[in-house]
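S.K.: Just passing along the structure, written as structure tokens.
Here, each number is a calculation from the coordinates, and none is a lab measurement. The model shown is predicted, which means the values in this text are computed figures rather than measured ones. Positions of Cβ are generated from backbone atoms using ideal geometry, with glycine treated the same way; all protein chains shown enter the neighbour counts.
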Amino acid sequence: MTILAGVFSRDPSVRIPQAVCDTLKQNISRDPTDIPIEFRDDQAYFVKVDIGAFDRPAHRVGPSGSMAILAGEPLLTREGPTSVGRDAHLAYLQSHWDDGDFKSLRNASGTFCAAHYDPRTGTGHLVADRLGLRTLYYCVTDDFIYFATALRILEALPDVPKVLDVLSMAEITGFGYPFGGGTAYAGIKMLLPCEVITIQQGECKSTRYFQWDAIRPVQATEEDTLEQSYRLFQSAVRRRLRGDKTTFAYLSGGLDSRVVVAALRADAARVYTFNFSLANTQDQALALAYANRSGTIHHELPTEPGPNWSAVMAATWRASPHRHEQMVEHPSVVWTGEGGSVGLGCVYISPEIVTLLRAGDWDAAIDIYLRQQQKTILTRILNPELARQLQGHLHVRLRTELESIRHPDPVRAFYIFLNLNGPRRHLVNHFDTIDQHRLEFQVPFYDSELLEYLTSLPVDPCLYHRFYVKWLALFDPAVRAVPWQTYPGHVPSPVPIPDDLPDQWSAPASAVHRMALERELMARSAAMLSSENFPGRVLKKVNLQVMRWAWKLRLGNYGYAMKAALAYYHYWNVSGGRYKLPPAPSGRRGKVSL
């Protein structure tokens, strides 16, 4: 299944209102052709739609009467059925969940989330995959627990309180995403990696079925670790390919998508590849060169930055004249190199950070990371008292997150943090809009078995793509015969890159596109600043007005400040002006205001 939602009652005497079920059903998908499938009794209600990407159903009522549904696919490895079908994997997992046993999930290498309910005991469960990639949101109220794979579904429920979490919004606009399981709303959370929420007799309990910081370091030669990493990666691709002879994939000018395509070709798959980068860039030219070298059927569609890339791929794939030349077995499943540079290239860990962490100077290491990644809360757009409260917040919060990862090597703890947070947040928009673009991702770099092994390796040899580039020697020579785009300061491509092609960091969008975005942002910010619903309790209007006029007069580009303010403004309006401030310095609980 693709999208799921539902509700559990926390009190056997409180039945789930029909209006709640109707609202969930009406909002499960925005595609009018989808036919929702429902399961319910007085204490639980599940609803789901499926685009049929994986062929097999992902819902069942077990022999005991328990209900189980999942989105995505678990892809069990060391234990469970040998069948590749997710229906067989769900049946195996459900039989264990009926007994309250979630240890079998340690062998799940795929991207999924699930809900389970046993009417014999009135017990419900919400389940995340090992990386928390398949988003599952939930909200706990006095009588019910609501859940959904898309935030928009919970937003549509009148009974789910929407209260703007000002602290989370500061993290979203300053760090890129809220820490932990936070969302823009105070009462709505996202399931964490390896998390199981158990609902029984009115209580909600959170447990983890796997601990990433408990992985033991591997003792092996570099040659052995390279070979094992390659074997696991190829196995991750083969497990997801399921014997298909034809498939399609993103292909950029970098390494991550390239090695995914190389692994598919090594398994004798015919591959349609697509590139959506700006014209006359390294990204476009190097992707084409590798496609020609590896024998893929390549398609280019120069695209300005910033769209929903899943929607772009879906529209391009469906319009492609090539797709009928040889039918793709799974036309709603696309391959992507997401995660390779983080998991294998350690792209966000610099030698300076490593040195400071090993010396025990966590604060200096965190400061360097925040500065290198340009992560900061825009306190100038906030009310003065709130701005003072949030000074240094990202530093303190990141340190707390790192200290909660109890790994003896602080560098490895940092690596674990990056893998358990950025990836799942990066895929949120893809899964929130999956009912519209109707594509599932195959992300072999996020295979849990592969990433578990990479987590056991020493970090230092992997920095700056050093391990990654050596790893390429195990692939078909075509991978290294064509230059690839590299991160600044990382191991360069041994094959020279043409000097006249800009890279992805310096290639500008067209002037027409930039002006269109600027006009739109100017109009939206003007509407916000003149609105009667302006969040004056949170944002400093006069500062934003000055910034907007300075931008309009070309005295500076303050578009970034307008974007941040508009993010607050959007959730302020959805929340009806209700908001929760950060806890006061004295430790008093944050105030919820109307």
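S.K.: Under the 0.36 nm per residue contour assumption, what length would be gained going from the current alpha-carbon distance of Asp213 and Asp22 to full extension?
M.R.: Numbers: separation 191, 0.36 × 191 = 68.76 nm, distance 4.23 nm.
Length gained between Asp213 and Asp22: 64.5 nm.
S.K.: What FRET efficiency, computed as 1/(1 + (r/R0)^6) with R0 = 30 Å and r the Cβ-Cβ distance, is obtained for Glu79 and Asn429, rounded to the nearest 0.05?
M.R.: Working: r = 34 Å, r/R0 = 1.12.
The computed FRET efficiency comes out at 0.35.
S.K.: Can you work out the Karplus-derived ³J(HN,Hα) for every residue in the stretch 29-38? Use 6.51 cos²θ - 1.76 cosθ + 1.60 with θ = phi - 60°, whole Hz, and x for glycine or proline.
M.R.: Once rounded to whole Hz, the list reads 8, 9, 8, x, 7, 6, 10, x, 10, 10.
S.K.: Turning to a different aspect of this structure: Normalised by the number of residues in the stretch 3-210, what is the relative contact order in percent for Cα pairs under 8 Å and 6+ residues apart? Write out the running numbers ahead of the final one.
M.R.: Values: 432 pairs, mean separation 44.2, N = 208.
In percent, rounded to a whole number, it is 21.
S.K.: Let me ask something additional. For Glu352 and His96 in one chain, what is 0.36 nm times their gap in residues minus the Cα-Cα distance, to one decimal in nm? Walk me through the numbers on the way to the answer.
M.R.: Values: separation 256, 0.36 × 256 = 92.16 nm, distance 4.61 nm.
Taking 0.36 nm per residue and subtracting the Cα distance, the gain is 87.5 nm.
S.K.: One quarter of the convex hull surface, Cα atoms only: what value does that give for the stretch 349-417 in nm²? Walk me through the numbers before you get to the answer.
M.R.: Working: hull surface 18.9 nm².
Spelled out: convex hull of the Cα atoms, projected over all directions, averaged, 4.7 nm².
S.K.: Based on alpha-carbon positions alone, could you give the equivalent ellipsoid semi-axes of the stretch 436-551 from the gyration tensor, as √(5λ), descending, whole Å? Please report the intermediate quantities before stating the final value.
M.R.: Values: eigenvalues 386, 99, 54 Å².
Each semi-axis is the square root of five times an eigenvalue, giving 44, 22, 16 Å.
S.K.: If you take the beta carbon distance between Ala311 and Asp361 as r and set R0 to 41 Å, what does 1/(1 + (r/R0)^6) give as a FRET efficiency, to the nearest 0.05? Don't skip to the end; give the middle numbers.
M.R.: Details: r = 44 Å, r/R0 = 1.08.
The value I calculate is 0.40.
S.K.: Amide H to amide H under 5 Å from Ser252: which residues, 5+ apart in sequence or cross-chain, H placed 1.01 Å off N in plane?
M.R.: Those qualifying (amide H under 5 Å, at least 5 residues apart or on another chain) are Ser257, Arg258.
S.K.: Okay, next question. Mind checking which of Thr135, Thr183, Trp335 is farthest towards the positive end of the chain's charge dipole, using Cβ charges of +1 (Lys, Arg) and -1 (Asp, Glu) about the Cα centre?
M.R.: It is Thr183.
S.K.: Output the relative contact order of the chain, whole-number percent, from Cα pairs under 8 angstrom with separation of 6+ residues.
M.R.: 16
S.K.: What is the distance, in nm, between label points placed 7 Å from the Cα along the Cα-to-Cβ direction at Thr376 and at Arg514?
M.R.: Inter-label distance under the simple model: 2.2 nm.
S.K.: For a quick check: with amide H placed at 1.01 Å from N, whose amide H comes under 5 Å from Tyr209's, ignoring anything fewer than 5 positions away on the same chain?
M.R.: Val196
S.K.: When the expected Rg is taken as 2.2 N^0.38 Å, what fraction or multiple of it is the alpha-carbon Rg of the stretch 3-210?
M.R.: Details: Rg = 16.3 Å, N = 208, 2.2 N^0.38 = 16.7 Å.
Rounded to two decimals, the normalised Rg is 0.98.
S.K.: Just the projected area, averaged over all directions, of the convex hull on the alpha carbon atoms of the stretch 522-578: how many nm²?
M.R.: On the way: hull surface 14.1 nm².
So the mean shadow area of the Cα hull is 3.5 nm².
S.K.: Give a residue-ordered list of calculated ³J(HN,Hα) values for the stretch 45-58 (Karplus: 6.51 cos²θ - 1.76 cosθ + 1.60, θ = phi - 60°; whole Hz; x for Gly, Pro).
M.R.: Result, ordered by residue: 9, 10, 9, 8, 10, 9, 8, x, 5, 9, 6, 8, x, 9 Hz.
S.K.: Further question on the same structure: Please report, to one decimal in angstroms, the Kirkwood hydrodynamic radius of the stretch 359-466 built from all distinct Cα-Cα pairs. Don't jump to the answer; show the numbers that get you there.
M.R.: Values: mean 1/r = 0.0598 Å⁻¹.
Hydrodynamic radius (Kirkwood, Cα pairs) of the stretch 359-466 is 16.7 Å.
S.K.: Work out, step by step, the length gained on full extension between Glu401 and Ser506: first 0.36 nm times the residue separation, then minus their alpha carbon distance; give nm to one decimal. Show your work: numbers first, answer last.
M.R.: Details: separation 105, 0.36 × 105 = 37.80 nm, distance 3.26 nm.
Length gained between Glu401 and Ser506: 34.5 nm.
S.K.: Could you check the spin-label model distance between Arg578 and Asn533? Points 7 Å from the Cα along Cα→Cβ, value in nm.
M.R.: If labels sit at Arg578 and Asn533, their model points lie 1.5 nm apart.
S.K.: Report, for the chain, the % of DSSP beta bridges that are antiparallel, rounded to 5.
M.R.: Numbers: 52 of 68 bridges.
Bridges in the chain are about 75 percent antiparallel.
S.K.: For a quick check: with amide H placed at 1.01 Å from N, whose amide H comes under 5 Å from Thr111's, ignoring anything fewer than 5 positions away on the same chain?
M.R.: Correct list: Glu73.
S.K.: For the chain, what does -39500 (n - 2.57) per DSSP helix run (n ≥ 4), summed and divided by total residues, give at 222 nm, in deg cm²/dmol to the nearest 500?
M.R.: Values: 22 runs with 226 residues, N = 594.
After summing the helix terms and dividing by residue count, I get -11500 deg cm²/dmol.
S.K.: Need one number: convex hull volume per residue for the chain, Cα atoms only, in Å³.
M.R.: Numbers: hull volume 97.8 nm³, N = 594.
Per-residue hull volume (Cα only) is 165 Å³.
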